[in-house]
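Asker: Got a structure for you, questions after.
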Amino acid sequence: MTEPASAPPHTAWPCLSMHEGAVWLAVSVSPNARRTQAEGLHDGALRVRLAAPPVDGKANELLLAWLAGELGLPRRAVRLVRGETARRKWLAVDAPQERLVQWLQEHLGEARTGAGS
């Protein structure tokens, strides 16, 4: 895999990785929240609170649709690749890695460690 001359953007974001040419995003979900939102990083994954129950795939579908909407992508551009019934999930995102890095920076700023203040 060839990296650009500058430092790879994903190094500052442990939740991002490349797999077979696709950008993967590690997500740690908390279902049954009041509203769906990204809340920072936790143990190397993006923590997302979901306003859906973990029943019949509702939380997974909300997660995929929410992330696609946040990134301005069609729903089909975000796929669940691992963790269908787990809280820790891996999503494949059909978008340039820089787009995810920019979104993470806009929504999480410099809070990359997930440590409390």
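Laboratory data are not the source of any read-out in this text; all were calculated from the coordinates shown. These numbers were taken from a predicted model, which means no experiment stands behind them. Neighbour counts are summed over all protein chains in view; Cβ atoms, including those assigned to glycine, are modelled from backbone coordinates with ideal geometry.
Asker: Taking the square root of 5 times each eigenvalue of the Cα gyration tensor, what semi-axes in Å does the equivalent ellipsoid of the stretch 13-108 have, largest first?
Answerer: Whole-Å semi-axes of the equivalent ellipsoid: 19, 14, 13.
Asker: Continuing with this model, one more query. What Kirkwood Rh does the stretch 45-86 have if only Cα atoms enter the pairwise 1/r average? Answer in Å.
Answerer: 10.8
Asker: Another one. Quick one: Karplus J couplings for the stretch 47-56, per residue in order, coefficients 6.51, -1.76, 1.60, θ = phi - 60°, nearest Hz, x for Gly and Pro?
Answerer: Values per residue, Gly and Pro as x: 8, 10, 8, 10, 8, 7, x, x, 10, 6 Hz.
Asker: Another question, if that's okay. By how many nm would the segment from Arg49 to Gln105 grow when fully extended, if each residue of separation counts as 0.36 nm and the alpha-carbon distance is taken off? Spell out each step's value before the answer.
Answerer: On the way: separation 56, 0.36 × 56 = 20.16 nm, distance 1.81 nm.
Contour length minus Cα-Cα distance gives 18.3 nm.
Asker: If Lys and Arg each add +1 and Asp and Glu each add -1, what is the summed charge of the other residues whose beta carbon sits under 13 Å from the beta carbon of His19?
Answerer: Summing Lys/Arg as +1 and Asp/Glu as -1 gives 0.
Asker: Now a separate question. At a 10 Å Cβ-Cβ cut-off, how would you order His107, His19, His42, fewest neighbours first?
Answerer: If I rank by nearby Cβ atoms, fewest first, I get His19, His107, His42.
Asker: Which Cα, out of Leu63, Ala51, Ala95, lies furthest along the positive dipole direction of the stretch 13-108 (beta carbon charges, K/R +1, D/E -1)?
Answerer: Going by the charge dipole, the pick is Ala51.
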